[in-house]
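Have a look at the structure below, then the notes.
Derivation of every value follows stated rules applied to the coordinates shown; laboratory data play no part. Bear in mind the structure is a predicted one, so any value in this text is a computation, not a measurement. Note: ideal-geometry Cβ built from the backbone for every residue, glycine included; neighbour counts use all protein chains shown.
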Amino acid sequence: MADTASIPDDIAGLSFEAALKELEQIVEKLDSGNVDLDQSIEIYTRGSLLKQHCDDKLRSAQERVDKIVSQNGNLSTQPANVE
């Protein structure tokens, strides 16, 4: 799992959806080309942290789903065989 200690508290407290929305806004700003170099570096850094946070949230959700669909003590992402 990624080092969550490097994620600032204000990002760590965001839901997946909120973090993704902010990340999308950062991408739009950077794509616009209307941001000076220093600000670009600053928001790119924040975007990287938001991406890491989103990746961590998705990984955690996948692990929970895998546990839900476990069969006979084995994790499985495959549907059960229906005979």
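Compute the distance in nm between two label points, each set 7 Å from the Cα along the Cα-to-Cβ direction, one at residue 45 and one at residue 25.
So the label points at residue 45 and residue 25 sit 1.9 nm apart.
Give me 46, 64, 59 sorted ascending by neighbouring Cβ count inside 10 Å, so fewest comes first. Walk me through the intermediate numbers first.
Working: 46 16, 64 9, 59 12.
Starting with the residue having the fewest Cβ neighbours, the order is 64, 59, 46.
What is the order of 50, 30, 37, 14, fewest Cβ neighbours within 10 Å to most? Numbers along the way, then the final one.
Working: 50 23, 30 15, 37 7, 14 18.
Least crowded to most crowded, the residues run 37, 30, 14, 50.
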